[in-house]
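The values are calculated or read from the model by the stated rules, or taken from the named source; none is laboratory data. Because the structure is a prediction, the values reported are computed rather than measured. What goes into the accessible areas is simple: the full protein's heavy atoms, side chains included, and nothing from ligands, DNA or RNA. Shrake-Rupley method; radii C 1.70, N 1.55, O 1.52, S 1.80 Å.
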Amino acid sequence: GVEVQTDYVPLLNSLAMYGWQLTCVLPTPIVKTNREGNLSTKQIVFLQRPSLPQKAKKKESKVNIF
């Protein structure tokens, strides 16, 4: 009779537009009970994003005309 509810979709959608991707979710031993008797747990969410290539600085060629 236990139902687990998680909703990472809003978090993931908001971070996805910046290139972040969910890699791992770790449950913690922290459990809390609210006034209605519902249990909640804390979880650690790991995200990563690919490294972006550095923009190469354009070297301006200096031409000396005499």
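Element breakdown for the stretch 8-48 at a 1.4 angstrom probe: carbon and sulfur atoms account for 61% of the accessible area.
A 1.4 Å probe run over the stretch 8-48, with the rest of the protein chains in place, finds 85 Å² accessible per residue. Residue 51 contributes an accessible area of around 110 Å² to the protein surface, as traced by a 1.4 Å probe with all chains present.
The value of relative contact order for the stretch 8-48, using C-alpha pairs under 8 Å at least six residues apart, is 40 percent.
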